[in-house]
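Engineer: My questions will all concern the structure given below.
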């Protein structure tokens, strides 16, 4: 026996997805902890960096949450997509609050809305792809 029983089959996938979700949330928290001058700059994005960054950070967060929920064998149900969107949005709200304590940074309603849009587009897109894929198989 190479792995204990709790590491067999879907449990490994489940642990990896949950770990990836927590790690991604940690990365987001770290980036929000940086002051404005410390924030990594991507010259190609210019003034769009903040918008694109929020869309990607919370889109990936919602997709990882959704994958974590699906790994429990509950199927590609829309309710888990909604839970992932709400979870990523709630994390976005808490992260904006956290950001308000960082020198030179502030929390905005606009950022929360962009976080929500990123989470919604990613989770809904992943749900559509998963349902399309599962319908082709069955």
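Engineer: Take the Cβ-Cβ distance between residue 117 and residue 15 as r, set R0 to 30 Å, and report the resulting FRET efficiency rounded to the nearest 0.05.
Structural biologist: After rounding, the FRET efficiency stands at 0.50.
Engineer: Quickly rank 114-126, 11-23 as a protection proxy: mean count of other C-beta atoms within 10 Å, highest first.
Structural biologist: 114-126, 11-23
Engineer: With angles folded into 0 to 90 degrees, how steeply does helix 10-33 sit against the dominant principal axis of the chain? Use alpha carbons for both and round to 10.
Structural biologist: 0
Engineer: Contact order normalised by length for the chain, with contacts defined as Cα pairs under 8 Å and 6 or more residues apart; what percent is it?
Structural biologist: Computed over the chain, the figure is 31 percent.
Engineer: Oh, and also: State log₁₀ I(q)/I(0) for the chain at q = 0.10, 0.12, 0.13 Å⁻¹ as given by the Debye formula over alpha-carbon point scatterers of equal weight, solvent excluded.
Structural biologist: Cα-only, vacuum Debye calculation for the chain: -0.39, -0.54, -0.62.
Engineer: Rounded to the nearest 0.05, what FRET efficiency do residue 129 and residue 30 have when you use their Cβ-Cβ distance and R0 = 25 Å?
Structural biologist: 0.30
Engineer: Right, here's the next one. Nearest 10 degrees, 0 to 90: what angle lies between the long axis of helix 78-99 and the longest principal axis of the chain (Cα atoms)?
Structural biologist: 30
Engineer: Shifting gears a bit: As I understand it, the value is the acute angle between the Cα axis of helix 109-137 and the longest principal axis of the Cα atoms of the chain; what does it come to in degrees, rounded to 10?
Structural biologist: In the chain, helix 109-137 runs at an angle near 20 degrees to the longest axis.
Engineer: For region 84-128, evaluate the Debye formula with one uniform point scatterer on each Cα (no solvent term) and list log10 I(q)/I(0) at q = 0.13, 0.18, 0.32 Å⁻¹, rounded to two decimals.
Structural biologist: Values, matching the q order: -0.30, -0.52, -1.06.
Engineer: Now for a separate question. When ranked by the protection proxy of mean other Cβ atoms within 10 Å per residue, highest first, what sequence do the peptides 30-36, 63-69 form?
Structural biologist: 63-69, 30-36
Each reported figure results from applying straightforward, stated rules to the coordinates on display, with no laboratory input. The structure displayed is predicted, hence computed values, not measured ones. Every residue, glycine among them, receives a Cβ derived from its backbone with ideal geometry; neighbour counts consider all protein chains shown.
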